[in-house]
Amino acid sequence: MEQKVSPPTDKERAWVASQIEVASKFVEAFSPPDAGQPLTLAALDRSFTAWLSTEPTDDQLVNGAINCVSMAFGQFLVDGVGLAWVIASDKQGSDLAVHGLPGKGDVLVYPANFVAKRWERRETNFLEASYKQIAEQVQAVAQADAGKPWWKFW
């Protein structure tokens, strides 16, 4: 099966929104100076770092933290880079992702997998830097495509 993207359902969109609300509470709990402020990638980085320092082991809590941080990260990519939430499906299954430049670059980021991999490596302070890198790469692909004359196929 080839990779296919489709719009998320209303229920999936509502779940993403609820996870972003949880991310605000996560920041309140793990980075109190950022409490009550608009959610930022810097605050999420600080909170994730503080949370990791607690050496969490409960799978349910770990999954909850990964979900809220990753969905907030995905929403930053949607709002700031112009990607869109999708359900990406292939022979491995289906998952929430953010997608952009369809047919031109087909940028696809799986936020939950992205954050989970960093959890496995106990990596910290990656959200702001990763956002910047992804934004630059999307912009470079968009500009490269925009600069190509319509009649040039190579």
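The values are calculated or read from the model by the stated rules, or taken from the named source; none is laboratory data. Small disclaimer: the values here were computed from a predicted structure and weren't measured. When we count neighbours, we look across all protein chains shown, and the Cβ atoms used for this are built from the backbone with ideal geometry, even at glycine.
Below is a table of values for the structure above.
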item: Residue check, V62 modelled with pLDDT of 95 or more, part of a helix (DSSP H, G or I), under 16 Å from W119 (Cα atoms) and among the hydrophobic types (A, V, I, L, M, F, W, C); result: yes
item: Single unsatisfied condition, V69 versus (1) farther than 18 Å from F126 by Cα; (2) within 12 Å of the chain's Cα centre (by Cα); result: (1)
item: Those residues of the stretch 46-65 which are under 24 Å from H99 (Cα atoms) and surrounded by fewer than 20 Cβ atoms within 10 Å (Cβ to Cβ), in sequence order; result: N63, G64
item: Filter result for I134 (surrounded by fewer than 18 Cβ atoms within 10 Å (Cβ to Cβ), modelled with pLDDT of 95 or more and not in a loop (DSSP other than H, G, I, E, B)); result: no
item: Residues of the stretch 72-103 classified as over 15 Å from the mean Cα position of the chain (by Cα) and in a loop (DSSP other than H, G, I, E, B), total; result: 5
item: Residues located in the stretch 1-16, provided they are in a helix (DSSP H, G or I) and surrounded by fewer than 11 Cβ atoms within 10 Å (Cβ to Cβ); result: D10, K11
item: Residue satisfying condition, being of a type in the set (A, V, I, L, M, F, W, C), in contact with a Lys or Arg (Cβ under 8 Å, 6 or more places away or on another chain) and more than 23 Å from A29 (Cβ to Cβ), within set A97, A142, A129, A84; result: A142
item: Selection count, the stretch 94-126, where residues are among the aliphatic types (A, V, I, L, M) and farther than 16 Å from V138 by Cβ; result: 4
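Yes/no matrix, rows are residues, columns are (1) closer than 26 Å to R122 by Cα; (2) of a type in the set (S, T, N, Q); (3) touching a residue at least 24 places away in the same chain (Cβ under 8 Å):
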residue	(1), (2), (3)
D10	no, no, no
A23	yes, no, yes
E28	yes, no, no
T40	yes, yes, no
F76	yes, no, yes
D79	no, no, no
V98	yes, no, yes
L101	no, no, yes
